[in-house]
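Data first, discussion second: the structure below is written as structure tokens.
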Amino acid sequence: MSSITARMVEGVSAIPAADWDACAGTGNPFVGHAFLSALEESGSVDARSGWQPLPVVVDGADGRPAGIAPSYAKSHSQGEYVFDHAWADAWERAGGRYYPKLQIAAPFTPVPGPRLLLRDAAVAPALIAALEAVTDRHQLSSAHATFVAPDQVPLFEAAGWLVRQGTQYHWRNQGYAGFDDFLAELSSRKRKAIRKERAAAVAGLTIRHLTGAEIGEREWDAFWGFYQDTGSRKWGRPYLTRAFFPLLGEKMGDRVLLILAERDGRPIAGALNLIGDEAIYGRYWGCVEEVPFLHFELCYYQAIDAAIARGLATVEAGAQGEHKLARGYAPVATFSAHYLPDPGFRRAVADFLERERDAIEQDRAFLNQMTPFRRG
């Protein structure tokens, strides 16, 4: 291990794309160089936005990155989808300074994936140790790896990080040849309800699936309007800049799936997805005309259609939303890992997480009984 060195660099763009992607792989588009550099180049993440990109890199004996953590100095807890506001409040009431903290994540993206990007799996402990060293040396309150891929959770546990659970709703493709095959797995009542929803949602509309060069400035202008409307209602102000969207299309257009609903040729609603090696990831939705059930159609049912057509195993439609249950999306566990250097703070959070985990696991067991699939 003596040949391994760790360093922090100022942004994803400071690392050649080939070196970054040799660690990140191709499976999850949100940790690839194209997506993360588009966030930086568009001004969506920077020190002013409270997301200062500071990737931590462990170099191998060959001098090239053997492991990378996509990490950020955060001056707030917005855009993370794993809520630690109560922790921040408790720490600051005790006289501490919670921010800045170190966040290991794909910004604004509640999608499980690798948070240790590894060309060489053997450097994982060194990369975690480097994250701890950054936290300690800069006297940060904490480090947080959010939406950690399940197979990487044991790596953080072995290093003594606290693990937190959450719940999302994912759709699984059981080798369906078409949407009707999926519906056949549901109870008769749910099957009829979904057919009724779909018919009502698309009445008088044209639905278009666009990728790559099919998405031009007209489509991005329309989607920007949708995104602003949703963002202003949910977050107060949208996280992403207007420049991000065409840059995303330029850098990874073949992995972008924009689903538009049009009335008489005019886009009235849209859902933006990214395509991974095994999944479709629903990210943003918005509309300028309220149509009953159109949100469900574009974000859930059309995504299922697209996954079946591409032979993909999963649709991940974003954070939260028990309304997804009735539409065939089942509850799954999500994980985050947390490094808290202060022993007293760590004990308090560990106690909270133990109680929270029991409640979440019980809730997920209950939700699994509420899925619309036929019993037996």
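The values are calculated or read from the model by the stated rules, or taken from the named source; none is laboratory data. Only a predicted model underlies this, so the values are computations on that prediction, with no experimental measurement involved. Neighbour counts run over all protein chains shown; Cβ positions are idealised from the backbone, glycine included. Ligands, DNA and RNA are stripped out before the accessible areas are found, and what is left, the full protein with its side chains, is counted by its heavy atoms. Shrake-Rupley method; radii C 1.70, N 1.55, O 1.52, S 1.80 Å.
Key figures for this structure:
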| read-out | value |
| --- | --- |
| Enumeration of residues in segment 255-289 that are basic (K, R) and in contact with a strand residue (DSSP E or B) (Cβ under 9 Å, 6 or more places away or on another chain) | R255, R263, R283 |
| Residue identified as at pLDDT 95 or above, in a helix (DSSP H, G or I) and within 16 Å of E217 (Cα to Cα) among L298, L257, L247 | L247 |
| Residue that is surrounded by the fewest Cβ atoms within 10 Å (Cβ to Cβ) [pool: residues in segment 41-69 that are of a type in the set (A, V, I, L, M, F, W, C) and within 19 Å of A17 (Cβ to Cβ)] | L54 |
| Within segment 141-162, considering residues that are surrounded by 20 or more Cβ atoms within 10 Å (Cβ to Cβ) and within 22 Å of W51 (Cα to Cα), the one nearest to the chain's Cα centre (by Cα) | F147 |
| Qualifying residues in segment 141-192 (those that are β-branched (V, I, T) and touching a Lys or Arg at 6+ places or on another chain (Cβ under 6 Å)) - the one nearest to A106 (Cα to Cα) | V148 |
| Some residue of segment 185-198 being within 30 Å of L247 (Cβ to Cβ), surrounded by fewer than 17 Cβ atoms within 10 Å (Cβ to Cβ) and out of contact with any Ser or Thr (no Cβ under 8 Å at 6 or more places or on another chain) | no |
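Let's see how each residue does on (1) at pLDDT 95 or above; (2) of a type in the set (V, I, T); (3) open to solvent by 50 Å² or more (accessible area, probe 1.4 Å); (4) under 15 Å from the mean Cα position of the chain (by Cα):
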| position | (1), (2), (3), (4) |
| --- | --- |
| R93 | yes, no, yes, no |
| P100 | yes, no, no, no |
| A106 | yes, no, no, yes |
| P112 | yes, no, no, yes |
| P125 | yes, no, yes, no |
| E132 | yes, no, no, no |
| T135 | yes, yes, no, no |
